[in-house]
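Working notes for the structure below.
Any read-out appearing in this document is the output of simple, stated calculations on the displayed coordinates, not a laboratory observation. Keep in mind the model is a prediction, meaning the values are calculated, not measured. Cβ coordinates were reconstructed from backbone atoms using ideal geometry, including for glycine residues, and neighbour counts include every protein chain displayed.
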Amino acid sequence: MKRRSPLPVKKMMVETRPICRADLEQGMTGPGVYCLRTLPRSNWSDDPDVRDLQQLRQKLYLELIGRFGTCGLVAVDDDGVAGFTTFFPKTIARRLGFYTMLGDDELEDTLVVACIHVTPSKRGCGIGSILIQGVKDWAAQRGYSVIEAIGEGQPQYGWHASAPFLSLGFEVVREQRHGSWCGQMMRCKLEA
Ligand SMILES: CC(C)(COP(=O)(O)OP(=O)(O)OC[C@H]1O[C@@H](n2cnc3c(N)ncnc32)[C@H](O)[C@@H]1OP(=O)(O)O)[C@@H](O)C(=O)NCCC(=O)NCCS
């Protein structure tokens, strides 16, 4: 697997790499693994309902890796995984029920960022930005022309903020309400 060259983040060295099959089958280590921690079989729950969901998610991610090469990126430093982002082609994101922009223009050319997470003790050091730049590079190399993402403009539920996306070329296209929550749908047009 080709690795991006390490970038200095304050005092840490961080590099990103695509999530691979072995990550899902054998697991990843590090404080930033968060929800990806439950994907390998060794970490499946004893609760049959939770296990069903974990199994289903693992199957989905493995299929995505089989079809598209990966399902996201991890940011790795000396402690292991410090953060990650997951993404899908827009056609898949829609089938899974993620918020996407309306209309079918550029449907096949759009990648949707589903989730981004940096371990709390390492936030504010640029890792989120490295992951977002990594998604842009990954998408551009594979011929995508647009990336969509959703974030919080104002902190509400501590979900991921729009700010790092906006400083990397995304613009807010519309507000997305869900009950009392208000998110921002963002879009980034990639250079041809
Ligand atoms: C959003 C998140 C990924 C950003 O990661 P990060 O490594 O802290 O981001 P960066 O250090 O690259 O920050 C980039 C810019 O965004 C700003 N920023 C980051 N998080 C912010 C927040 N919560 N509110 C306002 N601005 C924020 C930074 O100040 C920085 O601005 P600058 O370029 O002007 O200096 C991280 O805060 C996070 O993991 N939040 C929780 C997300 C979550 O719960 N995800 C699970 C659901 S998907």
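Note down, for region 117-168, the three equivalent ellipsoid semi-axes (square root of 5 times each alpha carbon gyration tensor eigenvalue), biggest first, whole angstrom.
22, 14, 8
Can you give the helix-only mean residue ellipticity at 222 nm for the chain, where every DSSP H stretch with n ≥ 4 adds -39500 (n - 2.57) and the sum goes over all residues, rounded to the nearest 500 deg cm²/dmol?
-8000 deg cm²/dmol
Please list, in chain and number order, the residues 5+ apart from Val173 or on another chain whose amide H is under 5 Å from its amide H, with Hs placed from the backbone.
Those lying under 5 Å, H to H, from Val173 are Met185, Met186, Arg187.
Please report the net charge: other residues with Cβ closer than 14 Å to the Cβ of Thr100, K and R +1, D and E -1.
Cβ neighbours under 14 Å give a net charge of -1.
Summing +1 for each Lys or Arg and -1 for each Asp or Glu, what net charge is found among the other residues whose Cβ lies under 13 Å from the Cβ of Val172?
After counting each charged neighbour, the total is -2.
Please compute the modelled spin-label separation between Asp137 and Lys59, points set 7 Å along Cα→Cβ, answer in nm with one decimal.
In this crude spin-label approximation the distance works out to 3.5 nm.
Considering only the other residues whose Cβ falls under 9 Å of the Cβ of Leu39, what net charge follows from Lys and Arg at +1 and Asp and Glu at -1?
Taking every other residue near Leu39 into account, the sum is +1.
Check cross-link reach from Lys122 to the aspartates and glutamates: straight Cα distance under 18 Å, and skip same-chain residues fewer than eight apart.
Partners found: Glu15, Asp77, Asp78, Asp79.
Apply the Karplus curve 6.51 cos²θ - 1.76 cosθ + 1.60, θ = phi - 60°, to the phi angles in region 45-60 and return the couplings in whole Hz, x for Gly and Pro.
6, 7, 6, x, 5, 5, 4, 4, 5, 5, 4, 5, 5, 5, 4, 4
Listed highest first by mean packing, meaning other Cβ atoms within 10 Å per residue, what order do 130-138, 174-182, 104-112 come in?
Ranking, from highest mean packing down: 130-138, 104-112, 174-182.
Compactness ratio of the chain: Cα Rg over 2.2 N^0.38 Å, N = residue count?
Relative to the rule-of-thumb radius for its length, the chain sits at 1.00.
Neighbour counts of other C-beta atoms within 10 Å: give me Tyr61, Tyr99 arranged from fewest to most.
Sorted ascending by nearby Cβ count, the order is Tyr99, Tyr61.
When only alpha-carbon atoms count, how far does region 21-110 stretch along each of its three principal axes, as whole angstroms with the largest first?
Principal extents (largest minus smallest coordinate, Cα): 40, 35, 22 Å.
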